[in-house]
Amino acid sequence: MKPAQPGTGPRSPAIKAQIDENLKRVYHEALATEVPDRFTELLAQLKAKESEK
């Protein structure tokens, strides 16, 4: 018996849909995460140094 090709199984569309849903959820959670204050402060310092030049 020949092994099935990836993506050809009977549950493949359902698995792909679940993966898509999980990736979208993680992406949206990452977008909703606020930038830490320390990082914002460092960016402001870099910007100030750039404008001094």
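We did not get these values from a lab; they are worked out from the coordinates using the rules stated. Note that the structure is a prediction, hence the values are computed from the model and not measured.
Residues in segment 17-32 carry Karplus couplings, in order, of 5, 5, 4, 4, 5, 5, 5, 5, 5, 5, 4, 5, 5, 5, 5, 7 Hz; the curve used is 6.51 cos²θ - 1.76 cosθ + 1.60 with θ = phi - 60°, and Gly or Pro positions show x. For segment 11-53, the equivalent ellipsoid derived from the alpha-carbon gyration tensor has semi-axes of 41, 11, 5 Å in decreasing order. Couplings 3J(HN,Hα) of segment 36-43, computed from phi: x, 4, 4, 5, 4, 5, 5, 4 Hz, in residue order, whole Hz [Karplus 6.51 cos²θ - 1.76 cosθ + 1.60, θ = phi - 60°; x for Gly and Pro].
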